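Participant: Let me give you the structure first, and then I'll get to my questions.
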Amino acid sequence: MLGAAALAAQARARAPGRRRGKDAFDVRRRRTLVTVSVLVALLGSGVAGFATWLSGADEATADASPASVQEVSVVGPRYAPTAADRARPPARITPGTPLVGLTFDDGPTPERTPYVLDVLAAKGVKATFFFQGDQTEKHPDIARRALAEGHVIALHSYEHVYFPDLDQARARDQIVRGEEALTRELGVRPTMFRYPFGEASPVADAVLAERGLIGGVGWDWRSNLKGDFECPGADALTRFVVTEARDEAVILLHDGGDAITCPDPQWQYLPRAIDAVRDNGLEFGVVRPTGRKNGDEETAVVAP
Ligand SMILES: [Zn+2]
């Protein structure tokens with residue numbers, strides 16, 4: 001099995017165009033959350049961005065969440081809408097508007113998914129989440145919040161396995177268990193699938209076809225810039241998103257896995273990147289099935 005660095009190099013080395021890519025970070029190291037920080041979002045205040053951090057708490061109340069579903073398992077930062085966010089007019093998406101698809105893999109996690117959802121809500125952006133079955137079972141409240149807020153939920157296997165190593169029985173188990181977990185917790189059956197590490201296998205492809213799941217859904221990575229799992233920091237990651245953003249681009253990001261071990265300030269990339277992409281005249285769409293059975297054209301970035 002390839003290490004994270006090798007997979008990252010592969011991911012960046014790929015030729016331009018829509019394709020199956022390597023979900024580059026994959027060393028799922030076990031870690032202990034030494035310091036658990038909780039951001040108390042300042043409800044009704046004009047204070048922008050990150051607010052007061054408290055240390056040592058296990059849970060945050062989600063009173064300030066813009067969510068229609070209040071998640072209870074939150075152990076990471078929150079994002080409070082800025083004055084500019086509140087003054088933002090609704091996104092105008094017309095037939096000619098170039099659309100970028102933000103995709104978040106490996107969640108839901110209490111460390112980062114609530115923050116991502118806060119930012120997307122504040123900015124009026126819909127995204128596509130490739131959830132793992134095991135994470136969805138652990139944090140169903142967060143998964144339900146993502147669905148309730150209008151994001152597209154798709155499957156990323158049950159526990160982030162490397163499919164080329166699996167025989168068909170084990171591949172089927174990972175796909176079906178993941179599909180059942182999302183269906184049970186969300187009440188909606190997923191229709192799209194992304195391979196962990198972007199690594200498909202013929203036997204798994206056969207199971208996807210049998211289950212009517214579309215995928216693997218890939219991503220675009222045309223630059224040599226580092227992705228979020230490589231902890232390049234907020235400035236570099238903002239540059240990555242802005243550089244990759246173009247009409248119909250599917251951008252690989254994470255709300256779980258190794259990306260959540262990066263220093264917290266990196267996460268400020270997301271509101272900044274969204275604003276910068278819009279300043280360049282683009283808007284945001286979600287990944288949906290096209291209904292065509294033609295490899296890379298099975299999905300497209302469309303208006304939410
Ligand atoms: Zn992944």
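The values are calculated or read from the model by the stated rules, or taken from the named source; none is laboratory data. Bear in mind that the values here come from a model prediction, so they are computed numbers and not experimental data. Reconstructed Cβ throughout: ideal geometry from the backbone, glycine too, with neighbour counts over all protein chains shown.
Participant: Has region 125-132 got at least one residue that is of a type in the set (Lys, Arg) and either in contact with a Ser or Thr (Cβ under 8 Å, 6 or more places away or on another chain) or within 24 Å of residue 263 (Cα to Cα) (or both)?
Facilitator: No, because not a single residue in region 125-132 is of a type in the set (Lys, Arg) and either in contact with a Ser or Thr (Cβ under 8 Å, 6 or more places away or on another chain) or within 24 Å of residue 263 (Cα to Cα) (or both).
Conditions tested, residue by residue: (1) within 15 Å of the ligand (Cβ to nearest atom); (2) closer than 15 Å to residue 298 by Cβ.
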position	(1), (2)
146	no, no
160	yes, no
175	yes, no
185	no, no
209	no, yes
227	yes, no
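Participant: Could you say whether any residue in region 82-101 is buried (at least 24 other Cβ atoms within 10 Å of the Cβ) and assigned to a helix (DSSP H, G or I)?
Facilitator: Checked region 82-101: no residue is buried (at least 24 other Cβ atoms within 10 Å of the Cβ) and assigned to a helix (DSSP H, G or I).
Participant: Give all pairs with beta carbons closer than 8 Å in which a residue from region 117-138 that is at negative phi and part of a strand (DSSP E or B) meets a residue that is within 13 Å of the ligand (Cβ to nearest atom) and hydroxyl-bearing (Ser, Thr, Tyr); count only pairs at least 6 apart in sequence or on separate chains.
Facilitator: Filtered contacts from region 117-138: 128/103; 129/103; 130/103.
Participant: Continuing with this model, one more query. In this structure, does residue 248 turn out to be more than 14 Å from the ligand (Cβ to nearest atom) and surrounded by 19 or more Cβ atoms within 10 Å (Cβ to Cβ)?
Facilitator: no
Participant: Something else: Looking at 179, 199, which is the one that is over 14 Å from the mean Cα position of the chain (by Cα), within 14 Å of the ligand (Cβ to nearest atom) and closer than 22 Å to residue 293 by Cβ?
Facilitator: The match here is 199.
Participant: Is at least one residue of region 288-302 closer than 26 Å to residue 112 by Cα, within 16 Å of the ligand (Cβ to nearest atom), out of contact with any Pro (no Cβ under 8 Å at 6 or more places or on another chain) and of a type outside the set (Lys, Arg)?
Facilitator: Among the residues of region 288-302, not one is closer than 26 Å to residue 112 by Cα, within 16 Å of the ligand (Cβ to nearest atom), out of contact with any Pro (no Cβ under 8 Å at 6 or more places or on another chain) and of a type outside the set (Lys, Arg), which makes the answer no.
Participant: Continuing with this model, one more query. Counting only residues that are in a helix (DSSP H, G or I) and within 18 Å of residue 109 (Cα to Cα), which one in region 231-258 is farthest from the chain's Cα centre (by Cα)?
Facilitator: Result: 258.
Participant: Hey, does region 152-164 have a residue that's in contact (Cβ under 8 Å) with a residue 40 or more places away in the chain, at positive phi and not acidic (Asp, Glu)?
Facilitator: Within region 152-164, one or more residues are in contact (Cβ under 8 Å) with a residue 40 or more places away in the chain, at positive phi and not acidic (Asp, Glu).
Participant: Exactly one condition in (1) within 16 Å of the ligand (Cβ to nearest atom); (2) buried (at least 21 other Cβ atoms within 10 Å of the Cβ) is not met by residue 115; state its number.
Facilitator: That leaves (1) as the condition not met.
Participant: Taking the condition part of a strand (DSSP E or B) and either at pLDDT 95 or above or charged (D, E, K, R) (or both), does residue 175 pass?
Facilitator: No; evaluated as a whole, the condition is false for this residue.
Participant: Restricting to region 259-271, and then to whatever is in a helix (DSSP H, G or I) and away from the ligand (no atom under 16 Å from the Cβ), can you tell me which residue is surrounded by the most Cβ atoms within 10 Å (Cβ to Cβ)?
Facilitator: Here the residue is 270.
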